[in-house]
Amino acid sequence: MTQETMIMISSSYLMIALMLSLQVYIGLRTLLFGIVLPTEALQDTAVRAIRRNYALLTGGFAAVIGGACFLWTRHQPAWSMLGWTTAILLLIIVSCFTIWISRMSAQRLKAARGWQAVVQTKRAASLVVGQTHGSVLSSWWYSANVAVMALCIFFAIARWDAIPQWLHLGNLYSYKSVWTVFMLNIVQALNIAFFIGVNLMISRARTSLDPQDREGSLQKQLRYKKIYSILTWSASLLMVVFLGVAQAIALYGWKGNLLFHSGMSLWAALFLALIGVLLYLRIKGIDQIRDVPSLEERHWRWLGSIYVNTEDPALIVPHIHGFGWTINMANPLGRIIAAAMIAILVIVILVFVYFR
């Protein structure tokens, strides 16, 4: 593994570790690891202690795992990629374990204090958001992404004869063919299709209005959707540009360190944009939007991460943790969409592994 690749994957580990450690402070304040609490419980020292202990425990495990991986890869540099990949997977497993422990603590605390969080059963639904309000960016915005991909394809076709017969694809040399030349363009297309699907999911997500403040809650949800829609489009565009740079390095002999610099710039831009969005939502209080029908704990499985509610006709609902949206897996169409998205992600990952 080159030094550039080592820096990139270790930086990815640090970013993932930071997000996992701080996720407990993201989203609804009256939610503690999927356990709904009354408003008066927010100032309870035990609630704060559970959040703090999770952050410290996950952060501590991240430091230990990362440190051990760093020391091991220094003595076994040939296995650095496997080592850091294993460290990331291990960190995710540890995070799930600490979430489970913290969730059990929250349940015990709620029972011991006798807290009763009343979940309203009545709501007001906005049926005209998609017709009279621009809740998300139009799919036409992705024309810019398609234009970048088309430009990459055009140059590959126009310079076909100048492309060497043997292409350096990561650690491999492959004979020039339609597949090897346009492989990353296929990944670009999958990337665009994936993010267009996410954007459509955001636009189709249920808009539940507060009966006491219909217009105010509507405007908050519109801003919430628009912000995530812009973030989704930007992430897609950055990925398409990065893949175009990777293709140019493989086909036209551009400097290899350009891939490292562009990759680090991509990671930094996405990470800073995500942190900025989360801070903005928290400061403005937009992340405190409640979706009444999906707040009942019994409908959330697998540590409160998967929504399964046969009584809810909605396909897309806000995630109970207050970060983005999720699919109602009790809906047959929801299962199809989830399978399609997982398939696209697996294909993209396999191509990246082949290309590296």
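Results, tabulated for the structure shown:
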item: Selection from Tyr142, Ala158, Ile26, by position along the positive dipole direction of the chain (Cβ); result: Ile26
item: ³J(HN,Hα), Karplus 6.51/-1.76/1.60, whole Hz, each residue of region 14-27, x for Gly, Pro; result: 5, 5, 5, 4, 5, 5, 5, 6, 9, 4, 5, 9, 9, x
item: Gyration tensor verdict on the chain (Cα atoms; rounded if a/c is under 1.5, prolate if a/b is larger than b/c, oblate otherwise); result: oblate
item: Spatial separation of Cα centroids for region 196-232 and region 51-107, in angstrom; result: 34
item: Full-extension gain in nm, Arg298 to Trp79, via 0.36 nm per residue minus C-alpha separation; result: 74.5 nm
item: Length added when fully stretched, Tyr280-Ile306, from 0.36 nm per residue minus Cα-Cα; result: 6.8 nm
item: Positive-pole candidate from Ala46, Ser11, Ile65, dipole of region 3-113, charges at beta carbon; result: Ala46
item: Rounded tilt (10° steps) of 178-204 against the dominant C-alpha axis of the chain; result: 20
item: Selection of chymotrypsin sites (Phe, Trp or Tyr not before Pro), region 181-240, meeting DSSP coil and at most 16 other Cβ within 10 Å; result: none
item: Close Lys-Lys pairs in the chain, where close means Cα under 22 Å and separation is 8 or more or interchain; result: 5
item: Charge dipole (debye, nearest 20) of the chain; +1 at Cβ of Lys and Arg, -1 at Cβ of Asp and Glu; result: 440
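Read-outs: derived from the displayed coordinates by stated rules, not from any lab. Everything numeric in this text was worked out from a predicted model, so none of it was measured. No Cβ is skipped: glycine too gets one built from the backbone with ideal geometry, and neighbour counts run over all protein chains shown.
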